[in-house]
Amino acid sequence: MLVWSIASQKGGVGKTTTVASLAGWLQKENLNVLIIDTDPHASLTSYLGFDYNNIEKSLYDLYTQENFTKETIQSYITHTNFPNLDIIASSMTLATIDRKLSGRSGVGRILTNALKLLEDDYDVVLIDCPPVLGALMVNALVASTSILVPTQTEFLSLKGLEGMVRTFNIMRKADNGCIINYTVIPTMYDKRTKASRTSLEYLNAHYKDNLWQGQIPVDTLFRESSQKGLPITMLDEKCRGALAYRELLLQLLSKELELNPERISPKAAAIVSLSSGEKNTKSDVNKDMDIIAGDVDAMLS
Ligand SMILES: Nc1ncnc2c1ncn2[C@@H]1O[C@H](COP(=O)(O)OP(=O)(O)OP(=O)(O)O)[C@@H](O)[C@H]1O
Ligand SMILES: [Mg+2]
């Protein structure tokens with residue numbers, strides 16, 4: 001079972017859109033997909049047509065349950081209207097989770113332990129992350145086989161990416177030996193604008209080893225798809241935005257086949273044919289991270 005976190009410390013860069021679009025393609029390929037909405041804003045939960053005030057069981061219940069079995073975890077899952085696509089929904093109460101969990105040991109591995117119990121149920125799990133480095137993000141990153149960092153091709157988002165990479169370095173330091181595979185995904189790319197072109201050059205110059213060599217273009221259908229509560233693949237699978245996400249999916253699966261062959265299901269491996277491998281290297285550890293690293297350390301000890 002592959003686990004992909006979609007994370008950025010910058011808002012509005014396409015995280016939720018990326019989760020919904022990849023989920024749409026995976027579902028179309030008949031893979032079993034679980035989406036986990038860890039953002040207290042619950043955009044993804046709403047995107048898939050649920051009113052987060054009326055969800056019976058949510059991720060909050062999972063985090064606050066001290067001992068769980070496979071059956072308890074399964075009881076937190078909601079089926080969507082789409083075949084093979086399930087969700088563990090978010091709720092506003094998730095915003096209080098850091099306070100709620102403080103002092104509990106092994107806090108950073110709750111999601112990892114829960115997902116181990118679902119290993120046989122899903123091919124891919126997609127986690128929509130909140131923008132802050134707290135227990136929810138640490139849990140998602142630790143549980144992941146791969147992390148996707150959507151980065152809007154404009155200056156402020158590049159700053160957000162720097163923050164994210166610092167977070168990865170903190171995690172590596174806190175959890176000795178933990179491997180973080182991340183892929184930077186340029187989003188909302190418009191080659192006619194100088195801002196987009198310059199940002200892409202910057203990404204190529206500074207993050208080349210972790211940069212997906214495609215781009216998600218600006219496509220107005222994304223807004224329409226979120227308004228209609230449909231992944232873009234169900235609105236128009238031939239539009240350029242949908243096709244770009246398909247290309248991304250093949251690339252990600254191909255990278256997983258290379259880096260985590262034991263985690264990829266035969267069904268998922270079967271759809272990797274066109275993509276080519278990507279190399280991943282470790283970045284240097286930054287020196288001003290010790291304080292935050294201490295916190296993360298405590299979550300993971
Ligand atoms: N490639 C794209 N082209 C055009 N619009 C897009 C594209 N990707 C996302 N959008 C739109 O941009 C807005 C922000 O996208 P999205 O909600 O996916 O970002 P986010 O990172 O999840 O935001 P937040 O931090 O608020 O959770 C949405 O209205 C979405 O429809
Ligand atoms: Mg979002």
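In µm²/s, what is D for the range 2-300 at 4 °C and 1.567 mPa s, where D = kT/(6 pi eta Rh) by Stokes-Einstein and Rh is the Kirkwood radius from Cα pairs? All intermediate terms of the calculation are to be shown ahead of the outcome.
Working: Rh = 19.3 Å.
Value of D from the Cα-based Kirkwood radius: 67 µm²/s.
The dipole here belongs to the range 2-300: it is taken about the Cα centre, uses +1 on the Cβ of Lys and Arg and -1 on the Cβ of Asp and Glu, and is about 720 debye.
Rolling a 1.4 Å probe over the protein heavy atoms leaves Thr193 with an accessible area of roughly 50 Å².
Near the amide H of Leu211, within less than 5 Å, lie the amide hydrogens of Val184, all on another chain or at least 5 residues away, with H placed in the peptide plane.
When the chain is described by a simple charge dipole with +1 on each Lys and Arg Cβ and -1 on each Asp and Glu Cβ, the residue from Thr187, Val125, Leu34 located farthest towards its positive end is Thr187. Separation of the range 1-57 and the range 129-152, taken as the distance between their Cα centroids, equals 13 angstrom.
Would you mind working out the accessible area per residue for the chain, using a 1.4 Å probe, and quoting it in Å²?
On the way: 13220 Å² over 301 residues.
About 44 Å² of surface per residue is accessible.
Computed over protein heavy atoms with a 1.4 Å probe, the carbon and sulfur contribution to the accessible area of the range 78-137 reaches 53%.
A crude spin-label estimate for the pair Lys100 and Lys159, with each label 7 Å from Cα along the Cβ direction, gives 3.2 nm. Ranking Gly160, Gln251, Leu22 by how far each Cα lies toward the positive end of the dipole of the range 2-300 (charges on Cβ) leaves Gly160 at the top. Farthest toward the positive end of the dipole of the chain, out of Tyr207, Pro83, Ser196, is the Cα of Ser196, where the dipole comes from beta carbon charges about the Cα centre. Among the GluC sites (Glu not before Pro) in the range 31-121, those located in a DSSP loop and surrounded by at most 15 other Cβ atoms within 10 Å of their own Cβ are Glu56, Glu66, Glu119.
Around Leu235, under 15 Å between beta carbons, what's the net of Lys plus Arg minus Asp minus Glu among the other residues?
On the way: positive: Lys28, Arg223, Lys228, Lys238, Arg240, Arg246; negative: Asp219, Glu224, Asp236, Glu237.
Summing Lys/Arg as +1 and Asp/Glu as -1 gives +2.
What net charge do the residues around Ile6 carry, taking every other residue with its C-beta under 9 Å from that of Ile6, with Lys and Arg at +1 and Asp and Glu at -1? Counting the neighbours of Ile6, the net charge comes to 0.
I need the calculated FRET efficiency for the pair Asn81 and Ala270, taking r as the beta carbon distance and R₀ as 25 Å, to the nearest 0.05. Plugging the Cβ-Cβ distance into 1/(1 + (r/R0)^6) gives 0.45.
The values are calculated or read from the model by the stated rules, or taken from the named source; none is laboratory data. Nothing here was measured: the structure is a model prediction, and the numbers come from that model. Using ideal geometry, Cβ is built from the backbone for each residue, glycine included, and neighbour counts are taken over all protein chains shown. The accessibility values were calculated without ligands, DNA or RNA, using every heavy atom of the protein model including side chains. Shrake-Rupley method; radii C 1.70, N 1.55, O 1.52, S 1.80 Å.
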